[in-house]
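Here is the structure we will look at.
None of the figures in this text is laboratory data; all of them are computed from the coordinates on show. Computed from a prediction, not measured in an experiment: that's the story for all the values here.
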Amino acid sequence: MLKVGLTGGIASGKSVVGEMFVSLGAHLVQADHIAHSLMNPGEPVYNEVVRHFGGGILNPDGSVNRHKLAEAAFGPTGADQPSPRIADLNRIVHPAVIRSQEEWMHAVSLQHPGGVAIVEAALLIEAGAAEHFGRLIVVTCKMEQRVERFARRQKVDLETARAEVTRRMAAQLPDEKKIEVADYVVDNSASLEHTREQVQHIWNKLLKQ
């Protein structure tokens, strides 16, 4: 089985690209979904996050309020530099997410030994997980597109979206650094059809490997 990492900066379109690969026959898991499940009340990661960031990040029902956690970890929206506390959050969450990814890929390999298993993760390289994959795909796009997509997704105005995207990107490797270690790059700046053509081309190459 071929293990593939799929990454890219915030609002680059990783999920759209991942869905395209799934439609072609790939198996896919999103690290973000894994992280959500690890932060369910009672989970060790949840307990450690609450211990470190305090009860102020919780909803009345005890679940983690992601907006409040982001504020605590990244610092206030509009800050020029990310808060050093984002490193603390990553230190708590990343190892557990990587373990879960490995368990998922092992399960897929048993059921589909000749398949392609893709892990979609925004901070895949930053988390030191790139070495777990045989191939690495980076999705990229222009800044303005990131802002517009984030604004639509979060239902906020463009100014708020730009400030938040800038803040999040400051805590991520720039695309240029990601591309340096990528086996394949998907430019998601044009039409969906253009993106789909790139995905098909990469998929054909993955199948040969």
Next on the checklist: Could you tell me how far the Cα centroid of the range 132-168 sits from the Cα centroid of the range 1-18, in Å?
Outcome noted: 13 Å
Checklist entry - Once every DSSP H run of n ≥ 4 in the chain is given -39500 (n - 2.57) and the sum is divided by its residues, what mean residue ellipticity at 222 nm do you get, rounded to the nearest 500 deg cm²/dmol? => result -17000 deg cm²/dmol
Item to check | Within a Gaussian network of the chain (alpha carbon springs, distance under 10 Å), most fluctuating of Arg51, Arg146, Arg135 | outcome: Arg51
Item to check | Counting DSSP beta bridges with both ends in the range 1-120, the antiparallel % (nearest 5) | outcome: 10 percent
Next on the checklist: Between helix 143-154 and the chain, what is the angle of the helix's C-alpha long axis to the longest principal axis, kept within 0 to 90° and rounded to the nearest 10?
Outcome noted: 60 degrees
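What share of the DSSP beta bridges in the chain is antiparallel, in percent to the nearest 5?
Numbers: 1 of 19 bridges.
Approximately 5 percent, going by the DSSP bridge assignments.
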Item to check | 5 angstrom amide H check on Leu58, placed H, neighbours 5+ away | outcome: Asn65
Item to check | Under the Karplus curve 6.51 cos²θ - 1.76 cosθ + 1.60, θ = phi - 60°, whole-Hz ³J(HN,Hα) for the range 84-100, x wherever Gly or Pro sits | outcome: x, 6, 4, 5, 5, 4, 4, 4, 6, 8, 4, x, 5, 5, 4, 4, 5
Next on the checklist: Check which residues have an amide H placed less than 5 Å from Leu28's amide H, if you skip close sequence neighbours.
Outcome noted: Ile118
Next on the checklist: For the range 1-71, compute the orientation-averaged projected area of the C-alpha convex hull (one quarter of its surface), in nm².
Outcome noted: 6.4 nm²
Item to check | From phi via Karplus (6.51, -1.76, 1.60), per-residue ³J(HN,Hα) for the range 53-61 in Hz, x at Gly/Pro | outcome: 9, x, x, x, 8, 9, 6, x, 7
Checklist outcome for this item: Once phi for every residue in the range 114-119 is put through the Karplus expression 6.51 cos²θ - 1.76 cosθ + 1.60 (θ = phi - 60°), the whole-Hz ³J(HN,Hα) values, with Gly and Pro written as x, are x, x, 10, 10, 10, 10
